[in-house]
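In what follows, a structure is listed as C-alpha cells, so that the remarks can point back to it.
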C-alpha cells in the first residue's frame, strides 16, 4: 500500500489509496493483484492511474506478475463511509 500511495490523482490531488479507490490487494508467491475503482465511470485519467499503480507495484514486486483490475462498481469517497 505504501507504493500505491505514491500514485496521486492529479485532478483531486490525493493518492488513490486515501481516495478509497483501492478495494483489495492480494499477494502470493507468484502474483500481486490490485483491485481498484475509478472516481467516475468514464474517468479521463483511468489509463494513467492504472498504469501508475501497476508501475509502482511492479517496482517492488520482486519478480512477481502484477495485475491491476478495474472493478465495475461505483466509487465511494471515504468521507461518505465515515458518516
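Nothing in this text is a laboratory measurement; each read-out follows from the coordinates by a stated rule. This structure is a prediction, so every number in the text was calculated from the model and none was measured. So basically every Cβ, Gly included, is an ideal-geometry build from the backbone, and we count neighbours across all protein chains shown.
Brief remarks on what is shown
- Over the chain, Cα pairs under 8 Å with separation of 6+ residues give a relative contact order of 33 percent.
- Rounded to 10°, Cα long-axis angle of helix 46-59 versus longest principal axis of the chain: 40 degrees
- Considering only 65, 52, 13, the Gaussian network model of the chain with Cα springs below 10 Å gives its largest mean-square fluctuation to 13.
- DSSP beta bridges in the chain [antiparallel fraction, %, rounded to 5]: 55 percent
- Applying Stokes-Einstein at 20 °C and 1.002 mPa s to the Kirkwood radius of the stretch 1-67, computed over alpha-carbon pairs, gives a translational diffusion coefficient of 177 µm² s⁻¹.
- Fully extending the segment from residue 46 to residue 18 would add 8.4 nm, taking 0.36 nm per residue of separation and subtracting the current Cα-Cα distance.
- Residues in the stretch 24-41 that a label on residue 8 would reach, taking backbone N under 19 Å of a point 7 Å out along Cα→Cβ: 39
- The simple spin-label model puts a point 7 Å past each Cα toward its Cβ; for residue 60 and residue 26 those points are separated by 2.0 nm.
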